[in-house]
1. Sequence gap at least 6, Cα distance under 8 Å: using those rules, report the relative contact order of segment 190-270 to the nearest whole percent.
2. Does segment 221-270 come out rounded, prolate or oblate by the C-alpha gyration tensor, with a ≥ b ≥ c the root eigenvalues, rounded set by a/c under 1.5 and, if not, prolate when a/b is larger than b/c and oblate if not?
3. What whole-number volume per residue, in cubic angstrom, does the convex hull of the C-alpha atoms of segment 194-252 give?
4. Between segment 230-255 and segment 108-139, what is the C-alpha centre distance in whole Å?
5. Would you kindly state how much longer the chain becomes between residue 221 and residue 171 on full extension, computed as 0.36 nm times their sequence separation minus their alpha carbon distance, in nm to one decimal?
6. Ranked highest first by the average count of other Cβ atoms within 10 Å around their residues, in what order do 158-169, 33-44 fall?
């Protein structure tokens with residue numbers, strides 16, 4: 001039986017010319033395993049098709065009995081599966097050839113992020129090849145990460161050089177830097193006069209206690225349709241408490257200053 005298991009795990013990643021050697025009914029559960037089989041070999045092809053190297057930790061049911069027989073492992077520590085191991089003994093059953101460019105890999109499949117300021121709802125999940133839904137910008141500082149899909153925050157994006165752009169991932173408990181992040185081209189701080197990332201506005205002239213838009217470091221989301229009116233409240237640190245108010249100094253009906261601290265003094269001109 002071990003010979004059959006070995007072939008099933010091995011043939012899983014051989015070129016198509018060798019696919020016929022793989023027993024029909026072999027199933028895989030992509031990492032992090034959730035107990036649901038993601039693809040099954042029908043004797044000719046994977047259903048649904050496998051278009052990428054399965055991530056480290058993917059498990060294999062080689063004989064269709066519902067019991068895990070093997071697991072994909074990473075022996076050189078670059079985050080890419082490079083061997084198949086017996087799930088019970090840990091013995092390496094086969095070496096795997098890493099895809100071209102291996103070593104520059106994304107986060108673990110199943111990783112989830114909650115954009116800053118976190119609201120307890122996961123905004124995107126990494127499926128092993130891409131973020132779903134797609135992430136089109138660097139997540140803002142303070143974005144939290146669930147690295148293993150268990151619903152618990154494991155890490156947070158931080159800004160070490162103080163320019164308002166996330167440049168590292170830190171352990172949520174210890175603060176230790178887990179990974180350096182490459183800042184996008186042109187990064188070096190928010191636009192001139194921009195508020196802190198995560199700033200929220202409750203639009204005036206009569207704020208209703210609901211935050212209408214949030215600054216993500218590059219733009220307001222949802223977009224503003226012009227200069228907010230005087231009386232608009234601002235939460236500058238994402239704690240839910242207004243810290244500033246937009247004021248109209250010359251009485252023309254247009255906001256032209258910001259009173260930070262809401263003490264009656266104008267701290268910034270607009």
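Nothing in this text is a laboratory measurement; each read-out follows from the coordinates by a stated rule. Computed from a prediction, not measured in an experiment: that's the story for all the values here. Glycine also receives a Cβ, built like all others from the backbone with ideal geometry; neighbour counts cover every protein chain displayed.
1. Normalised by residue count, the contact order of segment 190-270 is 22 percent.
2. Numbers: a/c = 2.38, a/b = 1.14, b/c = 2.09.
It comes out oblate by the Cα gyration axes.
3. Numbers: hull volume 4.9 nm³, N = 59.
Value for segment 194-252: 83 Å³ per residue.
4. 31 Å
5. Values: separation 50, 0.36 × 50 = 18.00 nm, distance 2.75 nm.
That works out to 15.2 nm of additional length.
6. 158-169, 33-44
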